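The values are calculated or read from the model by the stated rules, or taken from the named source; none is laboratory data. In this text, all values refer to a predicted model and were calculated from it rather than measured experimentally. Every residue, glycine as well, gets a Cβ built from its backbone with ideal geometry; the counts of neighbours run over all protein chains shown. Surface accessibility is based on the protein's heavy atoms, side chains included, excluding ligands, DNA and RNA. Shrake-Rupley method; radii C 1.70, N 1.55, O 1.52, S 1.80 Å.
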Number of protein chains: 2
Amino acid sequence: MPGMKAHVWVMPKRTVLDPQGQAIQHALASLGFAEVKEVRQGKFFVLELNGATRDAAEKQVEKMAREILANPVIEEFRYEIVE
Amino acid sequence: MPGMKAHVWVMPKRTVLDPQGQAIQHALASLGFAEVKEVRQGKFFVLELNGATRDAAEKQVEKMAREILANPVIEEFRYEIVE
């Protein structure tokens, strides 16, 4: 069975401060990119999965994102199955 | 003028080892997600830009990604202007 690929985005929750993003916004402003009002930084994962159906892959990726890739107290995630 | 939003993905180049991704792949395998063959981890940025045309925003985001957000020696980037 051919493999599948998944993309997972993990972002700080809207209600949580994002000090990394703020540091980047300040750095950009000091380097002349004053039009950048806000930066939020998150993580992006590309997962290659061995032979699974699309349904099984979705369940697995959701579980991995919830239990391991994201910290649900301060982060939220979304994912997509690509192929 | 209303603002624009940009998404930027920064990933380790294909030719570069991704130790973070490998560590996650091993962690997932040891936690029972053996079907994950490979993981690559990158960064994802959401930028809010003050009033710019789509064209100007594209130029600015390309420049920021190339000069600041990504390290072109070991990383590659892509971006999209969202609204």
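So which residues in the range A:54-76 are in contact (Cβ under 8 Å) with a residue 12 or more places away in the chain and either in a helix (DSSP H, G or I) or open to solvent by 60 Å² or more (accessible area, probe 1.4 Å) (or both), if there are any at all? Result: A:54, A:57, A:58, A:61, A:62, A:64, A:65, A:69, A:74, A:76.
Considering the range B:24-42, the residues that are out of contact with any strand residue (DSSP E or B) (no Cβ under 6 Å at 6 or more places or on another chain) and open to solvent by 60 Å² or more (accessible area, probe 1.4 Å) include one that is nearest to residue A:40 (Cα to Cα), namely B:26. Beta carbons closer than 8 Å, at least 6 apart along the sequence or on distinct chains, pair a first residue in the range B:24-45 that is more than 7 Å from chain A (Cβ to nearest Cβ) with a second that is buried (at least 19 other Cβ atoms within 10 Å of the Cβ) and not hydrophobic (A, V, I, L, M, F, W, C) for B:24/B:41.
The single condition among (1) touching a Gly at 6+ places or on another chain (Cβ under 8 Å); (2) open to solvent by 20 Å² or more (accessible area, probe 1.4 Å) that residue A:45 does not meet is (2).
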